[in-house]
Each structure stands twice: as structure tokens, then as C-alpha cells.
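The values are calculated or read from the model by the stated rules, or taken from the named source; none is laboratory data. All values reported here derive from a predicted model rather than from experimental measurement. Because the Cβ atoms are built from the backbone with ideal geometry, glycine has one as well, and the counts that use them run over all protein chains shown. Just the protein is used for accessible areas: all its heavy atoms, side chains included, with ligands, DNA and RNA removed. Shrake-Rupley method; radii C 1.70, N 1.55, O 1.52, S 1.80 Å.
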Amino acid sequence: MRKKIVAGNWKMNKTLDEALALTSEIAGMVKDEVRSDTTIVLCTPFPYLVPVLRVLGDGSRIAVGAQNCSQHEWGAYTGETSALMLASLKAQYVIIGHSERRQYFGEDGKLLAAKVDIALRSGLTPIFCCGEPLEVREKGGHQDLVGEQVEASLYHLDEAQIKKVVIAYEPVWAIGTGKTATSAQAQEMHAFIRSQLAAKYGQATASDITILYGGSVNASNARELFSSPDVDGGLVGGASLKSREFVEIIKACSTPASP
Ligand code: 13P
């Protein structure tokens, strides 16, 4: 179902004490200041999932997600974490195919398709990432590449399954660089992704899919980025590590853009 979502991707940052302090600060500010129905997700490192869930408590309006999962269900895969394990801890989301996983861990479209499947089968919502490197955009190949990434890992899903996936468009050149896509660039790519989904699954299904933007989102640029019709929220890295900044981004997703 299409929703507004702001998800923080903490990546490999923070000690446990820092992570718990950040969680309590965010939870307190959200409780006092955020009135909207924006879904809020904290994607923490694996070891912090349970302690963060404990700090949030039962019935929290903040959901928790992981940043990766194994493509396998169970078994002799030393060092891996399964989607079922994540679901059993009450994580609700899992990021799949972040560009850092594609780049540093060699994850390709076929592997990511298997991860999406296992996440869905385990009852998790995959946040599937796609996005082009700078050299591809400079040559004008960005739509082709993103179209291929989405096709390779998602097009085997049926209509009911694809509606459960959240897509995050994260241009690689905008991640951690302070260089954000303009809202026009984000809107153009989100509309393209939605049109591809419409061609494959029909307009009604495509309109029901949540597409987030990620890449140097901060409190100053979030409102403009989120005001585009096909941008349903954000996947936020660096700025999600600062409670005040993250909560301002949540608020920017929640209120209409100023005239
Ligand atoms: P930054 O917001 O730090 O650019 O990171 C974006 C990202 O990779 C979120 O997954």
C-alpha cells in the first residue's frame, strides 16, 4: 500500500549507548511534535535491533528495520542473519540492495531477487534500493540502468507481492556526498519507475507502490524533495544520526510544501 515513509539508515554507526540515546530522543520528539500518519522506520545495525525495539516499547509508532538479510532461510551460513530471525525479533522492514552492498559486497540483481523473496515470505517489508553511479548519469544511461535494476530483482513478483515492496531510488552520486538530486531529477526518475511498474503491473498497482528518495536528504532540502508527486518520502543516511535533524525531515514529509 502506498504510504508516506521516512526511514533512517544508520549504516555501521554508533555504539550501543549512543544508539539507544538517539532512539529515545527521536521517540520523545516524535511523540511531542509529530501528528501526521507518516510511517517512521529506524534501520539499525543488527545487534541494536532488539535493544532499540525495547526502548521504543510495545505499540510505538516507530518501526524498526534491518539493513540486509541472507538470501537463505536457515542453516550453515556462518555470520549471516535470516529474514525469519529478523521477523522473529519484530523487525518489520529490511533494506535490500543498497548501493553499498552492491558495490562492496558484490550483490547483483539475481541475489537481490532472492533476498526480496525471502523477506516477503518472512513477513518483512523490503525497502529495495536502486540508483545509478555518476558516470552512468553523465552518459544519460540512468533510466535504463534503474529500469534494469528494478526488472532484475522485482519483476518476478506478482501484483500482490510487488505492492508490499517499498522502492528507494538512491542515486549513488548523491549518497553521503552532500550533493542531492534536484527535486526535478528525483521526480523524473520516480515517475519513470512508476511508469515502468504501470507497464508491467497496470496503473492501479503502480499507483499503490511507495517510492522513496535517498541521497543527502537533510532538514533543509527534505520539504522540497517530498513535495514532488511521485516522491513518497525518504531513506535517510547521515541526517538520521542526528535526532533533531531526523525529526525535522519527518515533519517535512508530513506537512504540505509551503507556497
Ligand atoms: P546519506 O543520506 O548519508 O546521503 O545516505 C543515503 C543513504 O545511503 C540511505 O540509505
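Counting only helices (runs of 4 or more DSSP H) that sit completely within the stretch 155-211, those holding 1 or more residues that are within 16 Å of the ligand (Cβ to nearest atom) and either out of contact with any Pro (no Cβ under 9 Å at 6 or more places or on another chain) or over 26 Å from Glu135 (Cα atoms) (or both) correspond to 183-201. The test for being touching a residue at least 24 places away in the same chain (Cβ under 8 Å) and crowded, with 19+ Cβ neighbours inside 10 Å holds for Ala186. Taking the numbered list (1) of a type in the set (Gly, Ala, Ser); (2) within 26 Å of Glu248 (Cα to Cα); (3) more than 16 Å from the ligand (Cβ to nearest atom) in turn, Gly79 passes all entries but (2). Check whether at least one residue in the stretch 123-135 is away from the ligand (no atom under 16 Å from the Cβ) and in a helix (DSSP H, G or I), and report yes or no. Scanning the stretch 123-135 turns up at least one residue that is away from the ligand (no atom under 16 Å from the Cβ) and in a helix (DSSP H, G or I).
With respect to Ala63, is the statement that it is under 21 Å from Lys31 (Cβ atoms) and small (Gly, Ala, Ser) true? In short, yes. Among the residues of the stretch 167-180, is there at least one that is open to solvent by less than 10 Å² (accessible area, probe 1.4 Å), among the aliphatic types (A, V, I, L, M) and modelled with pLDDT of 95 or more? Scanning the stretch 167-180 turns up at least one residue that is open to solvent by less than 10 Å² (accessible area, probe 1.4 Å), among the aliphatic types (A, V, I, L, M) and modelled with pLDDT of 95 or more. So for the stretch 216-223 (the condition being within 13 Å of the ligand (Cβ to nearest atom) and basic (Lys, Arg)), does at least one residue qualify? No: zero hits. A single member of Val64, Val41, Val30 is touching a Phe, Trp or Tyr at 6+ places or on another chain (Cβ under 6 Å) and closer than 24 Å to Gly233 by Cα, and it is Val41.
Any residue in the stretch 81-98 that is among the basic types (Lys, Arg), open to solvent by 30 Å² or more (accessible area, probe 1.4 Å) and closer than 18 Å to Pro133 by Cα? Within the stretch 81-98, not a single residue is among the basic types (Lys, Arg), open to solvent by 30 Å² or more (accessible area, probe 1.4 Å) and closer than 18 Å to Pro133 by Cα. Taking first residues from the stretch 83-108 that are more than 17 Å from Asn9 (Cβ to Cβ) and partners that are open to solvent by less than 60 Å² (accessible area, probe 1.4 Å) and of a type in the set (Ser, Thr, Tyr), the Cβ contacts under 8 Å between residues at least 6 apart in sequence or on separate chains come to Ala83/Ser70; Ala83/Ser122; Leu84/Ser122; Ala87/Ser122.
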